[in-house]
Amino acid sequence: ALGGALTLYLADAVGIEVRLDAAKLGLRVTGATYRVVVDLPAPLPDATGDLELGSGPMDIERIRPLSLNLKLRTPGGVRLALSGGLSYLPGLRLVSAQAVRLRSVQVPGLPAGAVLASVGLRAEAVPGEEKNGRFGANAGVGLQVRLGANVWLVGEGRGFVFRRHQLQWERAGGALTPLEQALARELERRLGPVDFNPNYFQATFGLALAF
């Protein structure tokens, strides 16, 4: 996490703070298995199988909230500082790529566990979509220690809260076989959107210059 701020003090203890933060978020994806019956075109019999949603890669851009805060601080050479206010998320692009496999359970002529079909999925969320919120809030507490006439050592913890984002699944890849098309229809019926909140906490240390 990185952060920078400019503060205009209206009085010795009260100021208006503008800050830009940046953080790299780590996300973990876990798989799931569903028992499904796939309706195949005649004269093929219906296939019963295990639908496996894999643990594929998830790519997320660095998050960069811009905040406007009210800041309070105590006097002295060692100061406690509190600040909080509104945050704006200029961009958050998250893409999840998954490989979904259908393994046979009851399929005439095939051993159990054989891969019948595989379909690629991707889910994406960007703040420009209506259901993905750009606005949130932040609050932090810090300790400032004077090192010189205009230089302070600063340590701070800060949390960010934003409205939910929603990922919509869509098929990725080229042409599909009839079985893969049937699997894709089953996925569209079963897999709903994924909701998540890009909320996080960061701890930062650095220097402040006062004029």
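If you go through segment 14-27 and keep only what is open to solvent by less than 40 Å² (accessible area, probe 1.4 Å) and at pLDDT 95 or above, you end up with GLY15, GLU17, ARG19, ASP21.
In segment 56-80, of all residues being over 21 Å from ASN199 (Cβ atoms) and of a type in the set (Val, Ile, Thr), the one that is least open to solvent (accessible area, probe 1.4 Å) corresponds to THR74. Taken over segment 86-115, the criterion of being modelled with pLDDT of 95 or more and open to solvent by 30 Å² or more (accessible area, probe 1.4 Å) is satisfied by LEU86 alone. Of all residues in segment 134-173, those satisfying the criterion of being under 19 Å from LEU2 (Cβ atoms) and at pLDDT below 95 are GLY136, PHE162. Residue by residue through segment 157-205, note down the ones that are part of a strand (DSSP E or B), small (Gly, Ala, Ser) and either open to solvent by 80 Å² or more (accessible area, probe 1.4 Å) or in contact (Cβ under 8 Å) with a residue 60 or more places away in the chain (or both). Selection gives ALA172, ALA203. Of the candidates SER83, SER118, the single residue that is part of a strand (DSSP E or B), within 26 Å of VAL18 (Cβ to Cβ) and either open to solvent by 20 Å² or more (accessible area, probe 1.4 Å) or at pLDDT 80 or above (or both) is SER83.
The values are calculated or read from the model by the stated rules, or taken from the named source; none is laboratory data. Note that this is a predicted model, so its numbers are computed, not measured. Glycine gets a Cβ as well: all are built from the backbone with ideal geometry, and neighbour counts include every protein chain shown. Side chains are part of the model used for accessible areas, which takes the heavy atoms of the whole protein and leaves out ligands, DNA and RNA. Shrake-Rupley method; radii C 1.70, N 1.55, O 1.52, S 1.80 Å.
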